[in-house]
1. Bin width 10 Å, origin at 0, all Cα-Cα pairs of the chain: what percent of pairs per bin?
2. Please compute the contact order of region 1-101 in relative form: average sequence separation of alpha-carbon pairs under 8 Å and at least six residues apart, divided by the residue count, as a percent.
3. Give the long-range amide H neighbours of LYS320: residues separated by 5 or more places, or on another chain, with amide H under 5 Å away, using H modelled in the peptide plane at 1.01 Å from N.
4. Step by step: find N for region 218-345, compute 2.2 N^0.38 Å, then divide the Cα radius of gyration by it. What's the final number?
5. Find, among the chymotrypsin sites (Phe, Trp or Tyr not before Pro) in region 1-82, those assigned to loop by DSSP (not H, G, I, E, B) with at most 15 other beta-carbon atoms within 10 angstrom.
6. Tell me, what is the percent relative contact order of region 38-145, built from C-alpha pairs under 8 Å that lie six or more residues apart?
7. Using only alpha carbon pairs under 8 Å that are at least six residues apart, calculate the relative contact order of the chain and give it in whole percent.
8. Subtract the Cα-Cα distance of GLU235 and ASP162 from 0.36 nm times their separation in residues, and report this length gain in nm to one decimal.
Amino acid sequence: MATTCQRYKRERHIAELAVQRAAILTEAVYYSQVKQTLTKDDKSPVTLADFGAQALVLAALATAFPDDKYIGEEDSAGLRTNPELSALVFDAVARTLKSNKQGASNINLGTMGSEQEMWDFIDLGNHDATAAGRVWTLDPIDGTKGFLRGGQYAIALALLVDGVVQVGVLGCPHLSSEGEEGIILSAVRGQGVVVKQMSADLNSILHPSEISMSRVPTAEASFCEGVEAGHSAHELQAKIANDLGISKATVRMDSQAKYASIAMGQGEIYLRLPTKMTYEEKIWDHAAGVVIIEEAGGIVVDMYCEPLDFTQGRTLKRNKGVVALPRGIFGDVMEVVTRNALEKYGKSAL
Ligand SMILES: Nc1ncnc2c1ncn2[C@@H]1O[C@H](COP(=O)(O)O)[C@@H](OP(=O)(O)O)[C@H]1O
């Protein structure tokens, strides 16, 4: 039986290595002219890096934790019907497998020898129930629009156990800590959160440092919101900032790098407000960020001040909007957020 301090130690370590390995592939594509972007049915973009990163992470998890279930944002349908794209993704995966070392502890992060095997790893992410058991949730490239624009993106991986996030890892190749760009944040519930520098060599010693959220009073806080106006209501955010007497400029950033940024005290309040009430937030866009914020001393709720409910499958069906912030300013800020949410969207119909 693992002691409390050892709980999820292996899960966290494998998740960090899997994210770090996937980042080798995503970074190669980030700086390449060839991104092979497709538009999915929901009109969102997907690139060859999304598919490749999902294959690499799920190969690592399936090798280390074969009895677990996995939920990934992507599936292989777009590859099975597009041999040219599939070959490009497989080539990127094969190069990544060749280029990195497996880590000093010789942990087997899994490999794949054919396109068929790669498709099968990607499709391990098709699970959809989250209320019971161990379920990993992965966004291989969170903030694909940011990735395409040369902005922030994140590789987001989390482990849910009976619907509660226990482990969260966020790889943020373009976010900085202490002047160095490229970091991985990881948290285990009850054991705090650390930040490490990314490295292309999985053998290298990473230097973890503990992080915690900012402690400034509300009037000195700043907001962080998404770049895409279609993903979060910017105007209402500006009104809420004004109502709170906050004058600092809002920082706009793609992906869960927002959670990472405020967890490190580089900002205070992450606010995400619906642009349409029919949209259901995806669990892979929030699971890792939630445990990282909570372990950095913060709170994450929806815009009606309800906790995020990860037991409902692939989406947060019982929540609307997301707010992440330090404990010290929670009461003040949420009073204003919920009042504005009720005025604009009405009572929660959930
Ligand atoms: N109408 C909408 N409202 C809120 N989020 C949306 C949205 N349409 C897409 N998204 C999600 O917003 C994520 C990016 O978040 P952000 O705007 O904070 O960078 C996308 O993740 P992907 O990039 O993985 O598809 C996608 O899941």
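Any read-out appearing in this document is the output of simple, stated calculations on the displayed coordinates, not a laboratory observation. Nothing here was measured: the structure is a model prediction, and the numbers come from that model. Cβ atoms come from the backbone with ideal geometry, glycine included; neighbour counts cover every protein chain shown.
1. Once binned at 10 Å, the Cα pair distances of the chain give 6, 27, 36, 23, 8, 1.
2. Relative contact order comes out at 30 percent.
3. Placed amide hydrogens put MET303, TYR304 under 5 Å from LYS320.
4. Numbers: Rg = 13.1 Å, N = 128, 2.2 N^0.38 = 13.9 Å.
Output field value: 0.94.
5. Numbers: sites: TYR8, TYR30, TYR31, PHE51, TYR70; in loops: TYR8, TYR31.
Answer in residue order: TYR31.
6. Numbers: 137 pairs, mean separation 49.7, N = 108.
Computed value for region 38-145: 46 percent relative contact order.
7. In percent, rounded to a whole number, it is 16.
8. Difference between extended and current length: 22.6 nm.
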